[in-house]
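Working notes, structure below.
The values are calculated or read from the model by the stated rules, or taken from the named source; none is laboratory data. Because the structure is a prediction, the values reported are computed rather than measured. Cβ atoms come from the backbone with ideal geometry, glycine included; neighbour counts cover every protein chain shown. Side chains included, ligands, DNA and RNA excluded: accessible areas come from the protein's heavy atoms. Shrake-Rupley method; radii C 1.70, N 1.55, O 1.52, S 1.80 Å.
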Amino acid sequence: MSLLVAGWVAIDEIETPFERREGSLGGSATCAALAASLFTEVRLLAAVGEDFPEEMRKALERPGIDLAGLEVVPGGETSRWGGRYHYDMNSRDTLYTVLGVNANWAPKLPAGWDDSSALFAAAGDPVLQHRLMAMVPGARARMVDTIKFFIDGARDELLKAIRAADFVSINESEARELAGTPSIAKAGRALLEGGTKAVIIKLGEYGAAYISGEDYFVAPGYPLEEVVDPTGAGDAFAGGFLGYLDSVATVNQREIRRAIIYGSTVASFCVEGFGPSRLLTLERDEVEQRYRQFRELTHFEVDD
């Protein structure tokens, strides 16, 4: 089994009310790939410039992550992002976005990668997301993520991409905007009526809601007393979710619910460090321990 993760590998500048970091390894594909590698083999498809630090590349050279698809664009500049968080870590201001090599990058699969069994197309150009899904026709689980920029600027192309995917991952404000309703439940149903197969609406520290034609499932967030940096948590969720699904024999509603809890579990570790720093040290045993705690926190008996 192998999960193809496509998106940005970037360099971030992150500011919270308590600390500021420059030159931090970042990017949607980075966090998703690190999270997914806890469960399955990962193929990372992304582009960086010649300015991408060697120590950052070495950080990605982990067991379970194939970097054959990490392209270095000659003369190119690595994408960069700067953000500032408030005391409410669910909200942030984007200070700047430098597209760099991703302004014109056209992903190409290394030989043999077209047999990938799952795909995560992280937030990006929906035209490219749709093209990526066509490149891996045998994938049994394909997820696309998006951001407000593409909802505003490429709505029709985005709707086409999410209709072609098995899952769409989107945060609550973006779901409301895309569906044109303030209700999370109605937003999920509206997206299904528009042709989306299944929607995962990310609720930040409050968890996630999963809506499909057969199921409606709400998972709480893991209760953390200290959040260091939420950057990349949504991508870590997606990586954990799809990584787990790629590791099981059959993708069904039971395994999807488990995958949501695993995704939330991995995301809870992500926010304990700046950028992907906690994911770089995370072990599967730690994930399993917190997963069991998660189950205990949400379990209750029902009297017949």
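Can you tell me the length gained on complete extension of the stretch residue 250 to residue 92, counting 0.36 nm per residue apart and subtracting the Cα distance?
Computed gain between residue 250 and residue 92 is 53.1 nm.
DSSP loop chymotrypsin sites (Phe, Trp or Tyr not before Pro) in segment 33-96 with at most 11 other Cβ atoms within 10 Å of their Cβ, which ones?
87
Measure out, as a whole number of angstrom, how far apart the alpha-carbon centroids of segment 115-176 and segment 69-91 sit.
19 Å
Enumerate the aspartates and glutamates that residue 108 could reach by cross-link, defined here as Cα to Cα under 13 Å, with residues fewer than 8 away along the same chain left out.
71
Using the heavy atoms of the protein chains and a 1.4 angstrom probe, tell me the accessible area per residue for the chain in square angstrom.
45 Å²
Convert each backbone phi in segment 13-25 into a coupling constant with the Karplus relation 6.51 cos²θ - 1.76 cosθ + 1.60 (shift: θ = phi - 60°), then list the ³J(HN,Hα) values in order as whole Hz, x for Gly and Pro.
Calculated HN-Hα couplings, in order: 10, 10, 10, 10, x, 10, 6, 9, 10, 10, x, 9, 4 Hz.
Tell me whether segment 166-260 comes out rounded, prolate or oblate; compute the Cα gyration tensor, take square roots of the eigenvalues as a ≥ b ≥ c, and use a/c under 1.5 as the rounded threshold.
Oblate, because a/c is 1.5 or more while a/b does not exceed b/c.
Tell me whether segment 70-151 comes out rounded, prolate or oblate; compute the Cα gyration tensor, take square roots of the eigenvalues as a ≥ b ≥ c, and use a/c under 1.5 as the rounded threshold.
oblate
Can you pull the percent of segment 178-304's accessible area that's carbon plus sulfur, 1.4 Å probe, other chains left in place?
Result for segment 178-304: 49 percent of the exposed heavy-atom area is carbon or sulfur.
For the ranges 98-105, 30-37, 5-12, what's the packing order if you count other beta-carbon atoms within 10 Å of each residue, average per peptide, and put the highest first?
The packing order, highest mean first, is 30-37, 5-12, 98-105.
For segment 77-143, what does the relative contact order come out to in percent, with C-alpha contacts under 8 Å and a separation of six or more?
Over segment 77-143, the number comes to 27 percent.
Starting from 0.36 nm per residue, how many nanometres of slack lie between residue 57 and residue 104 once their C-alpha separation is accounted for?
14.8 nm
Carbon-plus-sulfur fraction of the accessible area of segment 52-169, 1.4 Å probe, in percent?
Carbon-and-sulfur percentage of accessible area, whole number: 52.
Sort 72, 227, 271 by accessible area with a 1.4 Å probe, largest first.
Heavy-atom accessible area, descending, gives 72, 227, 271.
Which order, highest average first, do 232-238, 134-140 follow once you tally other Cβ atoms within 10 Å for each residue and take the mean per peptide?
By packing density, highest mean first, the sequence is 232-238, 134-140.
Calculate the FRET efficiency for residue 224 and residue 115 from the Cβ-Cβ distance with a Förster distance of 35 Å, rounded to the nearest 0.05.
About 0.35, to the nearest 0.05.
Straight-line reach from residue 160: which lysines have Cα under 19 Å away, leaving out those fewer than 8 places along the same chain?
The qualifying lysines are 148, 197.
Could you work out the local net charge near residue 155, counting Lys and Arg as +1, Asp and Glu as -1, over the other residues with Cβ closer than 15 Å to its Cβ?
Once all neighbours under 15 Å are counted, the net charge is -2.
Net charge within 15 Å of residue 253 by Cβ-Cβ distance, Lys/Arg positive one each and Asp/Glu negative one each, not counting residue 253 itself?
+1
Where does the Debye-calculated log10 I(q)/I(0) of segment 202-244 sit at q = 0.17, 0.31, 0.33 Å⁻¹, using only Cα point scatterers of equal weight, no solvent?
Those come out to -0.55, -1.22, -1.23, one per q.
May I ask you to derive the relative contact order of segment 200-277, considering only C-alpha pairs under 8 Å and at least 6 residues apart, and to give it as an integer percent?
Computed over segment 200-277, the figure is 34 percent.
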